[in-house]
Amino acid sequence: MNMIKKWIPYTLPWDDMPVDLSWVYAAEKPAGKHGFLKAQGSQFVFEDGTVGRFWGTNFNSAANFPEHDHSRKVARRLAKIGVNIVRFHQLDAEWSTPNIFQFTKGPCHNDTLTLDPESMDRLDYLVDCLKKEGIYVYLDLLTYRLFKPGDGVARTDKLPQAARPYSNYDRRLIELQKKFNEDLWNHYNPYTQLAYKDDPVFAFTEIVNENDLFCQSDNELDAPLEPYRSDLEKLYRTWAGEKGLALGASPVVFDRKDDNVFRFYGDLQKAYYREMLAHLRSIGVRIPIAGTNWMMDALHLECQTECDFTDSHAYHYQFGRWTPTEKRFLNETMMGRHASMPNCLAFSRVFDKPFFVSEWDNPWPNEWRADTSLFLAAVGTFQGWGGYCIHTYRYDTDESTNMIGRPITSETLGGVAYRGGVFDSFNDPARFGLFYHAALIMRRGDVAPARTEIAIKLENGRARNSKAFAAASEVHGIGSLLPGRKDSVRETVNNTDELIADQAGEVTSDTGELYRSWKKGLGWINTPMTKAVYGLVGGQGEIRLGAVGITVVTDFATLAISSLTEQPIEESTNLLLTAVGRSDNTDARYEEEGGLPRQRIQKDPGHGPILVEVICADIAIRTARPNLRVRAINPRGFYIGDLPSEYKDGVFRFSLGGVSASMYYLIQTV
């Protein structure tokens, strides 16, 4: 077909979605019907034996405390697109209004010892709405809490958010964490008529977010912030005495390059997790609990195995400088990288524990971000990971937003210029818009599990993510083998080995269902229930995926077809087709900057309505259904026209990009 280069308005409504797939998952309502989730071997399993698979999002700060009507509408919206878990994140952030300690700004609260009743009422109602729609909750505990003088904490004038990293060992800070956990988990929800600890809608929790003794700067541990440094030295001297190590009278230099200091951090971190885990169990929390959610090296990962599962975060972005006056950012497709996002995620997975990804993103304004949602869903399902939550759905509840990335303050939030806006995905066609298919892939298990699993041996506690992991998670089941441990079941390789050479340029999964070429910058999924192409697929000719042939003209695109019945695509009477690539605000302007990686400067973020580039492609489906038709769907769910089509010799053919151009299409029998 001839390419028609054009963009069309496609603003996703905040309170609805163009297509409703909640009926596909109707048997999963309400959340908790299978009993409490538990960690069992390398999987999450409910009490009745059902395997837990999750595709979800984060609610950040004020988004956790919406008005009741807003909660009902958003819960229904998420169910329609297939989301079945929401992570409650940054509940305790001081800069948020509301937050869990203070509903409105105005009064000068001197402590963080009490949960605000209005905030809790809104949170309770949100939990109830999500539960009714079959959506589970990942409940964060300590994230951005700003401790105050009335908390009985030293040096609150200098403490960072969450008192990082002192909250990992200071006794008063640990006591305050325990009190908060008791108050929250024992809290009674009048809408569900259950205490949080007794409600199986809660599927996961973590002790602390991105906070530990390994990833904070050395200055935060060796700086003259007293009494925390002296307390740490006392702990170290006690530990050294137990190990038979001789220490002089000079102050200890807490340098992680020192092997003894490094080992001490590991033991102290493990002790913290064990104490907090035991306390949570003692108050009746029975769901899987994680320590934190990023891993610096092998010893740090080993610390996480003290808890029930490992959790990690991964991003494909780089803000060279992002301020209110200068916005420079990475602008390149992830498909073109040998070591892509699953590379670091696989390092954080060990085979004897379940694995979850509580944060991931490839945020706006990277123009190539539409290649990510389906790619991650496919690799995660192939690996047998428990699920994902994108960071983030949004930071607020403004119902008038009609553009991507609108800052909710004057270009900054909590001291971070890109926090409110850049990561908001709820109305981004290129990320959230692909969740229909991502959820189907993850929740139905559309992608088959890897046939072969390989354990990558980490040689010592300082071992880090290496070339051994690059692209390997797209070929076999991959996980880390911690130092000193053996795996008699799986093939093992060294962390220094290169399983998939950069020069290879491409990989195919051992099941044959997944493919990616970083040389060409594209990938595909070929399963009976979902078929998709993504990346720089334009001009590649026909990509044949079993019964489906896809020829894309537009240079960059994601095009996915999923069966909405129990039959494979060639037999199904109901299919969803999504076609999206570049998406941005009206009149957004950028300036290209040379060099590698590719950098771009945003000169104007633009305004609503949100636009999507029309994807031009030819589709051929070999099918037993001669009476199919293709109907284009607009953002509010209206049919806007049928696409011309032909059924001949058992093949149903049609083209995208001409009449009735859209982003979503339903292919159904007449």
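Of the strands (runs of 3 or more DSSP E) lying entirely inside segment 1-67, those containing at least 3 residues that are hydrophobic (A, V, I, L, M, F, W, C) and touching a residue at least 12 places away in the same chain (Cβ under 8 Å) span 54-60. Taken across segment 87-101, residues that are assigned to a loop (DSSP other than H, G, I, E, B), in contact (Cβ under 8 Å) with a residue 12 or more places away in the chain, in contact with a strand residue (DSSP E or B) (Cβ under 7 Å, 6 or more places away or on another chain) and among the charged types (D, E, K, R) do occur, with at least one present.
Scan segment 540-565 for residues that are not in a strand (DSSP E or B) and not aromatic (Phe, Trp, Tyr) and jot them down.
Let us first name the residues in segment 540-565 that are not in a strand (DSSP E or B), namely 540-541, 546-547, 553-556, 564-565.
Of everything in segment 540-565, those that are not in a strand (DSSP E or B) and not aromatic (Phe, Trp, Tyr) turn out to be 540, 541, 546, 547, 553, 554, 555, 564, 565.
The residue pairs whose first member lies in segment 416-445 and is touching a residue at least 40 places away in the same chain (Cβ under 8 Å), whose second member is basic (Lys, Arg) and in a helix (DSSP H, G or I), and whose beta carbons are closer than 9 Å, counting only pairs six or more residues apart or on different chains, are 426/77; 428/369; 430/369; 431/369; 436/80.
Taking the listed residues 601, 569, 640, 615, the one that is farther than 19 Å from residue 543 by Cα, of a type outside the set (Lys, Arg) and touching a Ser or Thr at 6+ places or on another chain (Cβ under 6 Å) is 640, with no other qualifying.
Only one of the numbered conditions (1) farther than 29 Å from residue 45 by Cβ; (2) surrounded by fewer than 23 Cβ atoms within 10 Å (Cβ to Cβ); (3) in contact with a Leu (Cβ under 8 Å, 6 or more places away or on another chain) is not met by residue 366, and that is (2). Checking the stated criteria, residue 227 turns out not to satisfy the condition of being within 27 Å of residue 93 (Cβ to Cβ) and within 33 Å of the chain's Cα centre (by Cα).
Looking across segment 262-276, the residues that are of a type outside the set (D, E, K, R) and touching a residue at least 12 places away in the same chain (Cβ under 8 Å) come down to 262, 264, 265, 266, 268, 269, 272, 273, 276.
Out of all the residues in segment 107-116, is one or more surrounded by fewer than 19 Cβ atoms within 10 Å (Cβ to Cβ), part of a helix (DSSP H, G or I) and in contact with a Lys or Arg (Cβ under 9 Å, 6 or more places away or on another chain)? Walk me through how you get there before you give the answer.
Within segment 107-116, the first condition is being surrounded by fewer than 19 Cβ atoms within 10 Å (Cβ to Cβ), and the residues that meet it are 107-111, 113-116.
Those still in the list that are part of a helix (DSSP H, G or I) too: none.
No: segment 107-116 contains no residue that is surrounded by fewer than 19 Cβ atoms within 10 Å (Cβ to Cβ), part of a helix (DSSP H, G or I) and in contact with a Lys or Arg (Cβ under 9 Å, 6 or more places away or on another chain).
The residue list 638, 654 contains one member that is modelled with pLDDT of 95 or more, over 24 Å from residue 442 (Cα atoms) and surrounded by 17 or more Cβ atoms within 10 Å (Cβ to Cβ), which is 654. Residues in segment 59-69 that are within 17 Å of residue 129 (Cβ to Cβ) and crowded, with 20+ Cβ neighbours inside 10 Å: 59, 62, 63, 64, 65, 66.
For every residue, the table says whether it meets (1) at pLDDT 95 or above; (2) buried (at least 19 other Cβ atoms within 10 Å of the Cβ); (3) touching a Phe, Trp or Tyr at 6+ places or on another chain (Cβ under 7 Å); (4) over 30 Å from residue 609 (Cβ atoms).
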residue	(1), (2), (3), (4)
508	yes, no, yes, yes
513	yes, yes, no, yes
551	yes, yes, no, no
559	yes, yes, no, no
569	yes, yes, no, yes
572	yes, yes, no, yes
579	yes, yes, no, no
582	yes, yes, yes, no
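Return yes or no: is residue 293 of a type in the set (S, T, N, Q), under 30 Å from residue 464 (Cβ atoms) and touching a Lys or Arg at 6+ places or on another chain (Cβ under 6 Å)? Here the answer is no, as residue 293 does not meet what is asked. Within segment 436-468, the set of residues being within 30 Å of residue 76 (Cβ to Cβ) and hydroxyl-bearing (Ser, Thr, Tyr) comprises just one member, 436. Residues in segment 277-320 that are out of contact with any Cys (no Cβ under 6 Å at 6 or more places or on another chain), in contact (Cβ under 8 Å) with a residue 12 or more places away in the chain, of a type in the set (Gly, Ala, Ser) and outside any loop (DSSP other than H, G, I, E, B): 298, 312.
With respect to residue 468, is the statement that it is of a type in the set (Gly, Ala, Ser) and crowded, with 21+ Cβ neighbours inside 10 Å true?
Working: of a type in the set (Gly, Ala, Ser): yes; crowded, with 21+ Cβ neighbours inside 10 Å: yes.
Spelling it out, residue 468 is indeed of a type in the set (Gly, Ala, Ser) and crowded, with 21+ Cβ neighbours inside 10 Å.
The residues of segment 144-170 that are touching a residue at least 40 places away in the same chain (Cβ under 8 Å), part of a helix (DSSP H, G or I) and not polar (S, T, N, Q), listed by number, are 150, 151, 162, 166. Of the listed requirements (1) over 20 Å from residue 504 (Cα atoms); (2) of a type in the set (Ser, Thr, Tyr); (3) in contact with a Ser or Thr (Cβ under 7 Å, 6 or more places away or on another chain), residue 534 misses just one: (1). A single member of 624, 620 is aliphatic (A, V, I, L, M), over 22 Å from residue 404 (Cβ atoms) and outside any strand (DSSP E or B), and it is 624.
In the condition set (1) free of Cβ contacts under 8 Å to residues at least 40 places away in the same chain; (2) out of contact with any helix residue (DSSP H, G or I) (no Cβ under 9 Å at 6 or more places or on another chain), residue 515 is compliant with all but (2). Residues in segment 594-609: is at least one of a type outside the set (Val, Ile, Thr), in contact with a Gly (Cβ under 8 Å, 6 or more places away or on another chain) and at pLDDT 95 or above? No; the residues of segment 594-609 include none that is of a type outside the set (Val, Ile, Thr), in contact with a Gly (Cβ under 8 Å, 6 or more places away or on another chain) and at pLDDT 95 or above.
Among the listed residues 126, 146, 139, which satisfies the condition of being surrounded by 21 or more Cβ atoms within 10 Å (Cβ to Cβ), modelled with pLDDT of 95 or more and under 16 Å from residue 209 (Cα atoms)?
Numbers: 126 fails: under 16 Å from residue 209 (Cα atoms); 146 fails: surrounded by 21 or more Cβ atoms within 10 Å (Cβ to Cβ).
Every option except 139 fails the conditions.
Evaluating residue 20 against the criteria (1) surrounded by 14 or more Cβ atoms within 10 Å (Cβ to Cβ); (2) touching a strand residue (DSSP E or B) at 6+ places or on another chain (Cβ under 8 Å); (3) under 30 Å from residue 551 (Cα atoms); (4) not polar (S, T, N, Q) leaves one unmet condition, (2). Looking only at segment 121-136, residues that are under 16 Å from residue 183 (Cβ atoms) and within 25 Å of the chain's Cα centre (by Cα) come to 3 in all.
For segment 321-332, filtered to residues that are in a loop (DSSP other than H, G, I, E, B) and surrounded by fewer than 17 Cβ atoms within 10 Å (Cβ to Cβ), the residue that is farthest from the chain's Cα centre (by Cα) is 325.
Residue-by-condition table, conditions (1) surrounded by fewer than 22 Cβ atoms within 10 Å (Cβ to Cβ); (2) closer than 30 Å to residue 458 by Cα; (3) in contact with a strand residue (DSSP E or B) (Cβ under 9 Å, 6 or more places away or on another chain):
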{"residue": "491", "(1), (2), (3)": "yes, yes, yes"}
{"residue": "494", "(1), (2), (3)": "yes, yes, yes"}
{"residue": "504", "(1), (2), (3)": "yes, yes, no"}
{"residue": "534", "(1), (2), (3)": "no, no, yes"}
{"residue": "543", "(1), (2), (3)": "yes, no, yes"}
{"residue": "555", "(1), (2), (3)": "yes, no, no"}
{"residue": "586", "(1), (2), (3)": "yes, no, yes"}
{"residue": "590", "(1), (2), (3)": "yes, no, yes"}
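The values are calculated or read from the model by the stated rules, or taken from the named source; none is laboratory data. Every value quoted in this text rests on a predicted model; they were computed, and no experiment measured them. With ideal geometry, Cβ positions are generated from the backbone for all residues, glycine too; neighbour counts draw on all protein chains shown.
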